[in-house]
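Participant: Before I ask anything, here is the structure I am working with.
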Amino acid sequence: MTLETLRLATRKSPLALWQANDVARKLRKGFPETAIEIVGLSTEGDRNREVSLSTLGGKGVFVKELELALFSGEADFAVHSMKDVPSVLPDGLGLVAMCERADPTDALVSNRFESLRGLPRGARIGSSSLRRCLQLADAFPDLVFENLRGNVETRLKRLDDGDFEGIILATAGLERLELSHRISEKIDVDICIPSAGQGAVGIEARIDREELRPFSDYLNHVSTHLQVSCERWISQSLGATCNLPVGAHAVMGVDEAEASLQLSTFVSDLKGDRSLRVSQKAPVHASDELARQVADLLIDQGALELIEGA
């Protein structure tokens, strides 16, 4: 059966709308007989920008309204930045597709300095992410990290107004909004391990909607789905919410002529007094076992105590 109309739920921020429209463009190309509509919704995370994400309850506040639209039938798909999606979804919903991933790194944006190493002692760096702040504070202890909420444009304005010497944003978001020229430095993942799913756009739907499968299969990028699933397994195994300082980054390569997957992780307490890093490699066909092995190693080294203490 061919659907006459397919509705995509999204946040109303410029970046979220860009992502939803990009998904719509792909679907219109593959299914020209189906009308694709964008359903823009306001989320709690968008409405309340004064309170830190950790106080609000993590980045899951960006997806709840979209999930309600799926349950009510107001939308067929929800389009998410995967780094904002909690590791455990509500019963009845599933991540049915992941689009091809963009650059997963974090980026420094500064009007006067070209790199983190070039920033002066005491320079103020804005970020809403504990994961970013704690890793960067460990690498650059002379910098001062302060909370910074809002969409990309809001954060750039505060930088331009002189509130900070630099801010940290996702490289993919800046590139999607044609703001690559604002990037001073792409931060190496060895210094700052990204959030699980960073750079990837995910599609969420009700799992009982079998008629949507042709659309989700068309959108799904298999290697991205595999990598992001490994990353999300780390958060799920630790019971970590999106606001906790947990990073996971999987990247494909070739090891002795065989496709391999390298999974690197970071876990910290809230103050950065104690942190863990575990990295392992395995053949791609053993990706599930790799994710379990890395999660077990983190737990053996005390990751659950760090998470519970947070």
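Participant: Of the conditions (1) of a type in the set (Gly, Ala, Ser); (2) outside the structural domain of Asp138 (by TED's automatic domain parsing); (3) modelled with pLDDT of 95 or more, Ala123 fails just one. Which one is it?
Facilitator: Among (1) of a type in the set (Gly, Ala, Ser); (2) outside the structural domain of Asp138 (by TED's automatic domain parsing); (3) modelled with pLDDT of 95 or more, Ala123 violates only (2).
Participant: State which residue is surrounded by the fewest Cβ atoms within 10 Å (Cβ to Cβ) when the search covers only region 1-48 and only residues that are hydroxyl-bearing (Ser, Thr, Tyr) and at pLDDT 95 or above.
Facilitator: Residues of region 1-48 that are hydroxyl-bearing (Ser, Thr, Tyr), as a first pass: 2, 5, 10, 13, 34, 42-43.
Among the residues that remain, those that are also at pLDDT 95 or above are: 5, 10, 34.
Working: Thr5: 9, Thr10: 26, Thr34: 15.
Going through the qualifying residues, I end up with Thr5.
Participant: Evaluate the following for Ser279: is it under 17 Å from Arg232 (Cα atoms) and within 21 Å of the chain's Cα centre (by Cα)?
Facilitator: Answer is yes for this residue.
Participant: Looking only at region 123-130, decide whether some residue is closer than 30 Å to Ala205 by Cα and either outside any helix (DSSP H, G or I) or within 13 Å of the chain's Cα centre (by Cα) (or both). Give the derivation first.
Facilitator: Filtering region 123-130 down to residues closer than 30 Å to Ala205 by Cα leaves 128-130.
Filter again for either outside any helix (DSSP H, G or I) or within 13 Å of the chain's Cα centre (by Cα) (or both), leaving 128-129.
The answer is yes; a qualifying residue exists.
Participant: Okay, next question. Go through region 270-287 and give me each residue that's charged (D, E, K, R), within 19 Å of Arg132 (Cβ to Cβ) and either buried (at least 18 other Cβ atoms within 10 Å of the Cβ) or in contact with a strand residue (DSSP E or B) (Cβ under 8 Å, 6 or more places away or on another chain) (or both).
Facilitator: Correct list: Arg274, Arg277.
Participant: When both residues are 6+ apart or on different chains and their Cβ atoms are under 9 Å apart, which pairs have a first residue that lies in region 199-213 and is farther than 14 Å from Leu8 by Cα and free of Cβ contacts under 8 Å to residues at least 60 places away in the same chain, and a second that is of a type outside the set (A, V, I, L, M, F, W, C) and assigned to a helix (DSSP H, G or I)?
Facilitator: none
Participant: Something else about it: In region 194-310, which strands (runs of 3 or more DSSP E) lie fully inside it and hold 2 or more residues that are among the hydrophobic types (A, V, I, L, M, F, W, C) and over 30 Å from Val23 (Cβ atoms)?
Facilitator: Strands (runs of 3 or more DSSP E) meeting the threshold: 275-283.
Participant: Would you be able to tell me the number of residues in region 68-113 that are part of a helix (DSSP H, G or I) and more than 28 Å from Ile168 (Cβ to Cβ)?
Facilitator: Residues that pass the stated criteria total 5.
Participant: Something else: Just name the residue that is nearest to the chain's Cα centre (by Cα) out of those in region 233-269 that are loosely packed, with under 15 Cβ neighbours inside 10 Å and modelled with pLDDT under 90.
Facilitator: Gly239
Participant: If you don't mind, another one. Against the condition in contact (Cβ under 8 Å) with a residue 12 or more places away in the chain and more than 27 Å from Asp269 (Cα to Cα), how does Arg155 come out, does it pass? It would help to see each step written out before you state the result.
Facilitator: Values: in contact (Cβ under 8 Å) with a residue 12 or more places away in the chain: yes; more than 27 Å from Asp269 (Cα to Cα): no.
Criteria not met by Arg155.
Participant: Also, quick follow-up: Take Ala102 and decide whether it is closer than 30 Å to Gly202 by Cβ, surrounded by fewer than 21 Cβ atoms within 10 Å (Cβ to Cβ), touching a residue at least 12 places away in the same chain (Cβ under 8 Å) and small (Gly, Ala, Ser).
Facilitator: yes
Participant: Now a separate question. State yes or no: is Glu74 modelled with pLDDT of 95 or more and not small (Gly, Ala, Ser)? Steps first, answer last, please.
Facilitator: On the way: modelled with pLDDT of 95 or more: yes; not small (Gly, Ala, Ser): yes.
It is true that Glu74 is modelled with pLDDT of 95 or more and not small (Gly, Ala, Ser).
Participant: Any idea which of (1) over 17 Å from Leu238 (Cβ atoms); (2) touching a residue at least 12 places away in the same chain (Cβ under 8 Å) is the one Ala257 doesn't satisfy?
Facilitator: Against the list (1) over 17 Å from Leu238 (Cβ atoms); (2) touching a residue at least 12 places away in the same chain (Cβ under 8 Å), Ala257 comes up short only on (2).
Participant: Ok, one more. Only one of Leu212, Leu290, Leu298 is closer than 30 Å to Ala24 by Cα, among the aliphatic types (A, V, I, L, M), in contact with a strand residue (DSSP E or B) (Cβ under 9 Å, 6 or more places away or on another chain) and at pLDDT 95 or above; which?
Facilitator: One residue alone meets the criteria, Leu212.
The values are calculated or read from the model by the stated rules, or taken from the named source; none is laboratory data. Because the structure is a prediction, the values reported are computed rather than measured. Counting neighbours? That spans all protein chains shown, and the Cβs are built from the backbone with ideal geometry, glycine included.
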